[in-house]
Amino acid sequence: MMRFFIFFLKLFILAALALWVVQLPGDVLVEWQGYRIHTSVGICIGGVLLLSIILSFLYMVGQFFLKLKDRVTRANTLRKYKKGYRLLLEGMVYFYGQDAEKIFEKSHKLQGLFPSPVLGLCLEAQENLRQNNNDVARKLFLKLKKEKEGAFFGLYGLTKLALKENNNAQVKILSEELYKLYPSLPWVLYTLFEVYLGEEEFEKAGLILDQIKPSSQEDRKRKNGLKALLWYRRSQTPDLSRDEKMELLSYSNEFSPGFIPTACLYATYLNEAGKRSKSLKTIERAWQISQNFLLGHTYLSLSPVHDKLEPYRMALHLLDLTPESNVAQLLVVEAALNGHLWGEARAHLEKISEEGKSAFYEELQARLLEEESKDYEGAREKRKEAMNRLISKDMMGKFS
């Protein structure tokens, strides 16, 4: 609406000026170098306008031809970019489809379409890395590293290659170089943390971990888990006293109560220090997060030595905490067998769901047959089933 109003305002002003010139005619006289021009005001204004239009048109034509080369160059570059991005998309499709021949074909074409060969080199290098052509991949990543736009991709690829080859010294050098260029990149920080933790440079690992800024609840959980791991590993330093180890383990348990190695070791130390109640609560807290046989066996080991039925009662308590847990049911069965409670063991074995019928389940059945009814033949068959389950699970793990 505003543009419409301004257009008619300009049109009105031009019309008013034209009428003013018509109503007040006059003459214009121009003399220069002996030449003389004598005309009316209206013709003078019209001539000036016509001359301005002609000069503007000539200027536009001149600009068109002057910029024609740049326009052709830009159009050609745009055409290459469109073709390049289409090839890149096709290359990624072939990459996920694991068609190596097509990937190399597309990557070679990509290197000639873009001003920088980074994208083509990166695609080719990643495929060589996947094909275990490590020497070729290394050369391509080094070439990428020399490109201004490819410095990160080159260092990233070389770091992955070093990790693949278990070259820890090279991983450390490359990850530190990446850290200098990209100090806030999460992948760089996590990799460098693992390097320092592996070399037991705990102070450096802690400083790196503090620089990680979690962006979600999952990231925060992961960071707390790594803090727990860091404090646990520090507690394993040989020259520390028992009290110092317990303090470090308490920090670890605080950051991640479900971290199983810390929970088991910390609970054992607490029990040895006469703090059995706190020791039990440490395992129970971890158990509610993750039901694990190591946690369960550690918990049962905290029972008094003189009371053979106490482990069974403690196993029942774990079952009360997690009634749907097959692991808890199996621990109850094991504790019942250790206490010669055959009926209770059989009753709880019948409650195990199909997912819980593992090799350990078959072994417990074998023990029940062997110890209660002396059915050694039946026990042998159950142990065969246990072995078959283990073999089946191992084969499935290999082919999955």
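The values are calculated or read from the model by the stated rules, or taken from the named source; none is laboratory data. What you see is a predicted model; the values in this text were computed from it and never measured. Don't worry about glycine lacking a Cβ; one is built from the backbone with ideal geometry, like all the others, and counts go over all protein chains shown. SASA here: full protein model, heavy atoms, side chains in, ligands and nucleic acids out. Shrake-Rupley method; radii C 1.70, N 1.55, O 1.52, S 1.80 Å.
The table that follows gives values for the structure above.
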{"item": "Where a residue in segment 171-185 is farther than 17 Å from F141 by Cβ and its partner, wherever it lies, is surrounded by fewer than 19 Cβ atoms within 10 Å (Cβ to Cβ) and of a type outside the set (A, V, I, L, M), with Cβ under 7 Å and at least six apart", "result": "none"}
{"item": "Selection status of A335, in a helix (DSSP H, G or I), touching a Lys or Arg at 6+ places or on another chain (Cβ under 9 Å) and crowded, with 17+ Cβ neighbours inside 10 Å", "result": "yes"}
{"item": "Residue match in segment 151-163 (condition: outside any helix (DSSP H, G or I), within 30 Å of A75 (Cβ to Cβ), open to solvent by 20 Å² or more (accessible area, probe 1.4 Å) and modelled with pLDDT under 90)", "result": "no"}
{"item": "Residue in segment 196-207 that is under 18 Å from K227 (Cα atoms) and among the aromatic types (F, W, Y) present", "result": "yes"}
{"item": "Long-range neighbours under 7 Å by Cβ, at least six apart or interchain, first residue in contact (Cβ under 8 Å) with a residue 24 or more places away in the chain within segment 306-320, second open to solvent by 70 Å² or more (accessible area, probe 1.4 Å) and assigned to a helix (DSSP H, G or I)", "result": "P311/N338"}
{"item": "Filter pass, E377 being open to solvent by 50 Å² or more (accessible area, probe 1.4 Å) and under 44 Å from the mean Cα position of the chain (by Cα)", "result": "no"}
{"item": "Qualifying residue in segment 164-174 (condition: under 25 Å from K82 (Cα atoms) and at pLDDT 80 or above)", "result": "no"}
{"item": "Selected residue [in a helix (DSSP H, G or I), in contact with a Leu (Cβ under 6 Å, 6 or more places away or on another chain) and charged (D, E, K, R)] from R313, R367, R389", "result": "R367"}
{"item": "Count of segment 95-143 residues which are acidic (D, E) and open to solvent by 50 Å² or more (accessible area, probe 1.4 Å)", "result": "4"}
{"item": "Filter result (more than 16 Å from S252 (Cα to Cα) and part of a helix (DSSP H, G or I)) within segment 266-283", "result": "N271, E272, R276, S277, L280"}
{"item": "Residue in segment 117-137 that is more than 28 Å from K160 (Cα to Cα) and more than 26 Å from the chain's Cα centre (by Cα) present", "result": "no"}
{"item": "Only one of S353, S358 that is out of contact with any Gly (no Cβ under 8 Å at 6 or more places or on another chain), surrounded by fewer than 14 Cβ atoms within 10 Å (Cβ to Cβ), farther than 25 Å from A267 by Cα and among the polar types (S, T, N, Q)", "result": "S353"}
{"item": "The one condition in (1) modelled with pLDDT under 75; (2) of a type outside the set (D, E); (3) open to solvent by less than 80 Å² (accessible area, probe 1.4 Å) that Q365 fails to fulfil", "result": "(1)"}
{"item": "Segment 9-33: number of residues that are among the hydrophobic types (A, V, I, L, M, F, W, C), open to solvent by 100 Å² or more (accessible area, probe 1.4 Å) and either assigned to a helix (DSSP H, G or I) or at pLDDT 70 or above (or both)", "result": "6"}
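Each row is one residue, and each column tells you yes or no for (1) loosely packed, with under 10 Cβ neighbours inside 10 Å; (2) at pLDDT below 75.
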position: Y35; (1), (2): yes, no
position: T39; (1), (2): no, yes
position: G42; (1), (2): no, yes
position: L58; (1), (2): no, no
position: V61; (1), (2): no, no
position: L68; (1), (2): no, no
position: V93; (1), (2): no, no
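Residues checked against (1) surrounded by 19 or more Cβ atoms within 10 Å (Cβ to Cβ); (2) within 36 Å of the chain's Cα centre (by Cα); (3) among the basic types (K, R):
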residue: S252; (1), (2), (3): yes, yes, no
residue: F259; (1), (2), (3): yes, yes, no
residue: L265; (1), (2), (3): yes, yes, no
residue: R276; (1), (2), (3): no, no, yes
residue: I283; (1), (2), (3): yes, yes, no
residue: L295; (1), (2), (3): yes, yes, no
residue: M314; (1), (2), (3): yes, no, no
residue: L318; (1), (2), (3): yes, yes, no
residue: P323; (1), (2), (3): no, yes, no
